[in-house]
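The values are calculated or read from the model by the stated rules, or taken from the named source; none is laboratory data. Because the structure is predicted, anything quoted here is derived from the model rather than measured. Glycine gets a Cβ as well: all are built from the backbone with ideal geometry, and neighbour counts include every protein chain shown.
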Number of protein chains: 2
Amino acid sequence: MRALVFDDKLQFVPDISLPELTGAQWLLKIRRAGICNTDLELIDGMYNFSGILGHEFVAEVVEGAPEWVGKPVVGEINVGCGECDFCQKGIPSQCRDRKAVGIHTHPGAFADYLALTERNLHAVPPNIADDAAVFTEPLAAALEVLESTHISPQQRIIVVGVGKLGALVTQVLKLSGAGVIGLVRREKQAQLLDNWGIASAAYEELPKQRAQVVVDCTGTAEGFAIALDLVEARGTIVLKSTYKGKPQADLTQVAVREIRVVGSRCGSFDGALRLLAAGLIDTQSLVDAHYPIEQGLEAFQAAKQPGAMKVLLDF
Amino acid sequence: MRALVFDDKLQFVPDISLPELTGAQWLLKIRRAGICNTDLELIDGMYNFSGILGHEFVAEVVEGAPEWVGKPVVGEINVGCGECDFCQKGIPSQCRDRKAVGIHTHPGAFADYLALTERNLHAVPPNIADDAAVFTEPLAAALEVLESTHISPQQRIIVVGVGKLGALVTQVLKLSGAGVIGLVRREKQAQLLDNWGIASAAYEELPKQRAQVVVDCTGTAEGFAIALDLVEARGTIVLKSTYKGKPQADLTQVAVREIRVVGSRCGSFDGALRLLAAGLIDTQSLVDAHYPIEQGLEAFQAAKQPGAMKVLLDF
């Protein structure tokens, strides 16, 4: 099968062998996949991963329970051990011996076929097109903000970094009725938010220490510093991204102003599929380009451009 | 009156003029005061303060409502504007134009007399001796851990840094029924905890990522890194101290393991006085030495020694 493989460098491999099923795995034929910032970090060597990349996908069941075969599915990325305290508590995303599809010790979805454990799969309702279903994973991550902290309609919420994930976060937060402002640097981002009826502002335009919640989608020390500047005392900063190295952080501000800094990662696929099925999330505007899997390297180049939104891989 | 004044350097001043009362202030005669780590940071120039230092004290009302005159009181350190949104919400500790006794634009308690706004004062029950009452402010700060996060009897909680504040935090947490471990570096600290029936351990002895709550009382980048190592996924790190500069912090760990980092500062004087009146907190073991106010500079030298616990000033 065809695959995008990373092993010190990214390569398109036309003839890698098909995955073998083990345990409760089903065989999926990938229909479409999305390139995420984590993929860009992976090929920068950030997580010491080698193998087939990719964790955002929509696929079709090829081998599995008969009633599922031929049906479209999306798949959660965390494969838990099933044994540890977190798995027992129903939190495989924090399994102590966790694998993550295309990220950590598990082959990914940038390939014709993927073997994935049955319990990670969710059926895609028929009214969700592949181009939207492929956003289930990042939309679930955006929804996790609502798990990480209590969002209320009275709040002023600022999203720092309106990229691929931040754009989904602003849409999800808008649905809460809260006052959402996207902190943008590019006219393209401002236009996107404006189309959705979401306010945008540059950093200099925003009053300091007036937001109850700030979501940092930047993964940079500067983004965290901006979040600290904007959040009010006893407010919450939600961290949606990983950071390069160990950024300097003004923990004194956190202590003295009694701020809550909350890490937030993978979220509810069921919730994401409900919102997509209800047509409440615009994913179409987020698609920058489609590339066939053979042109995966060009696709990664396009995804790397500053300000790029979602680049999809077709199979 | 006599006072310890900091203005680029710390000085004992024998004849500073008495404070003049303004607004709803009462005049207090200080009976005993305690030196806190914040005082040590203040004389290192950390908060750009000049004036009379001191914010931990027990005093006697000299001028105020007639029924209070002659009575012992302790005083909250945050003087709010009374007008801003935080003051209106009953959170003067986060007032947008906050003064703090002996810390920020308000004279402190290392002097014979202090003028303090009436609403900051709390009567000291008769069974609390001055040597215990002087701990009300830091004990309230320790109690704030219980406001900052939900502590439950099932949890494993580690307190990193068993100094003046950490020792109070361990005692408060012990009362919750939770499994409390103090991370200690000195035999003196281990002995103290042992006397209270609280477990202690060195860092190397503790399993990683197994504590639901870690309280960092160190105010160092190293302390925060240790807290991150010890807290389990979705656990909470409570920050009880200010940090020098902007420490490097592994925010990726916070994001990926969905940790909550919560700043925690001043707390409930009522709660602290109830615990002291009930005899549930041992403050006596925490007193290293008494110095008369005239020997304030020597007292600060003693308070600065590594491993020093509370140094009290007598008037």
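Some values worked out for this structure:
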quantity	calculated
Residue list for region A:78-92, filter: surrounded by 15 or more Cβ atoms within 10 Å (Cβ to Cβ), within 14 Å of chain B (Cβ to nearest Cβ) and of a type outside the set (F, W, Y)	A:N78, A:G80, A:C84, A:C87, A:I91, A:P92
Test: residue in region B:47-61 that is free of Cβ contacts under 8 Å to residues at least 24 places away in the same chain and among the hydrophobic types (A, V, I, L, M, F, W, C)	no
Residue match in region B:302-315 (condition: touching a Gly at 6+ places or on another chain (Cβ under 7 Å), surrounded by 19 or more Cβ atoms within 10 Å (Cβ to Cβ) and within 14 Å of chain A (Cβ to nearest Cβ))	no
Residue count for region B:120-162, restricted to those that are away from chain A (no Cβ under 13 Å), part of a strand (DSSP E or B) and closer than 20 Å to B:V184 by Cβ	4
Residue selected from region B:228-242 under the condition closer than 17 Å to B:L165 by Cα and outside any strand (DSSP E or B), by the criterion nearest to the other protein chains (Cβ to nearest Cβ)	B:T242
Qualifying residue in region B:250-258 (condition: at the interface with chain A (Cβ under 7 Å from one of its Cβ atoms), under 27 Å from B:A133 (Cβ atoms) and crowded, with 24+ Cβ neighbours inside 10 Å)	no
Yes/no for B:S200 being over 14 Å from B:V169 (Cβ atoms) and of a type outside the set (D, E)	no
Positions within region B:173-188 being part of a helix (DSSP H, G or I) and in contact with a strand residue (DSSP E or B) (Cβ under 9 Å, 6 or more places away or on another chain), in sequence order	B:L173, B:K174
Search result, residues across region A:251-286 that are touching a helix residue (DSSP H, G or I) at 6+ places or on another chain (Cβ under 7 Å) and of a type in the set (G, A, S)	A:G263, A:S264, A:G267, A:S268, A:G271, A:A272, A:S285
Residue count for region A:54-107, restricted to those that are among the polar types (S, T, N, Q) and under 30 Å from A:R2 (Cβ atoms)	3
Candidates B:Q248, B:Q209, filtered to the one that is over 21 Å from the mean Cα position of the chain (by Cα) and at positive phi	B:Q209
Residues (closer than 20 Å to A:F269 by Cα, of a type outside the set (A, V, I, L, M, F, W, C) and in a strand (DSSP E or B)) located in region A:29-75	A:K29, A:R31, A:R32, A:G34, A:E56, A:E60, A:P72, A:G75
Any hit, region A:193-206, residues being within 11 Å of chain B (Cβ to nearest Cβ) and outside any helix (DSSP H, G or I)	no
Where a residue in region B:86-109 is in a loop (DSSP other than H, G, I, E, B) and modelled with pLDDT of 95 or more and its partner, wherever it lies, is of a type in the set (S, T, Y) and surrounded by 21 or more Cβ atoms within 10 Å (Cβ to Cβ), with Cβ under 9 Å and at least six apart	B:G102/B:T38; B:I103/B:T38
Enumeration of residues in region A:118-147 that are among the polar types (S, T, N, Q) and crowded, with 23+ Cβ neighbours inside 10 Å	A:T136
Residue that is modelled with pLDDT under 95, buried (at least 19 other Cβ atoms within 10 Å of the Cβ) and within 22 Å of A:V145 (Cα to Cα), where the choices are A:T242, A:T236	A:T242
Residues satisfying the stated conditions in region B:62-121, i.e. under 30 Å from B:Q295 (Cβ atoms) and of a type in the set (K, R)	B:K71, B:K99
Given (1) more than 10 Å from every other protein chain (Cβ to nearest Cβ); (2) within 15 Å of the chain's Cα centre (by Cα), number of the condition B:H290 does not satisfy	(2)
Matching residues in region B:200-217 - criterion: being buried (at least 19 other Cβ atoms within 10 Å of the Cβ) and either out of contact with any helix residue (DSSP H, G or I) (no Cβ under 9 Å at 6 or more places or on another chain) or modelled with pLDDT under 95 (or both)	B:Q212
Filter pass, A:E60 being crowded, with 16+ Cβ neighbours inside 10 Å and at pLDDT below 95	no
A:A225 vs. criteria surrounded by fewer than 23 Cβ atoms within 10 Å (Cβ to Cβ), in a helix (DSSP H, G or I), within 14 Å of chain B (Cβ to nearest Cβ) and touching an Asp or Glu at 6+ places or on another chain (Cβ under 8 Å)	yes
Some residue of region B:30-47 being modelled with pLDDT of 95 or more, more than 19 Å from the chain's Cα centre (by Cα) and not basic (K, R)	no
Lone unmet requirement of (1) more than 14 Å from every other protein chain (Cβ to nearest Cβ); (2) touching a Gly at 6+ places or on another chain (Cβ under 6 Å); (3) closer than 30 Å to B:Q189 by Cα for B:G75	(2)
Region A:101-117, residues that are buried (at least 22 other Cβ atoms within 10 Å of the Cβ) and aliphatic (A, V, I, L, M)	A:V101, A:I103, A:A109, A:A111, A:L114, A:L116
Candidates B:G267, B:G245 - the one that is part of a loop (DSSP other than H, G, I, E, B), within 13 Å of chain A (Cβ to nearest Cβ), free of Cβ contacts under 8 Å to residues at least 24 places away in the same chain and not polar (S, T, N, Q)	B:G245
Matching residues in region B:263-296 - criterion: being exposed (fewer than 14 other Cβ atoms within 10 Å of the Cβ) and either of a type in the set (D, E) or touching a Phe, Trp or Tyr at 6+ places or on another chain (Cβ under 7 Å) (or both)	B:D270
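So that you can scan it fast, the table gives a plain yes or no per residue for (1) on the phi > 0 side of the Ramachandran plot; (2) surrounded by 17 or more Cβ atoms within 10 Å (Cβ to Cβ):
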| position | (1), (2) |
| --- | --- |
| B:L18 | no, no |
| B:W26 | no, yes |
| B:I30 | no, yes |
| B:G34 | no, yes |
| B:G45 | yes, no |
| B:E67 | no, no |
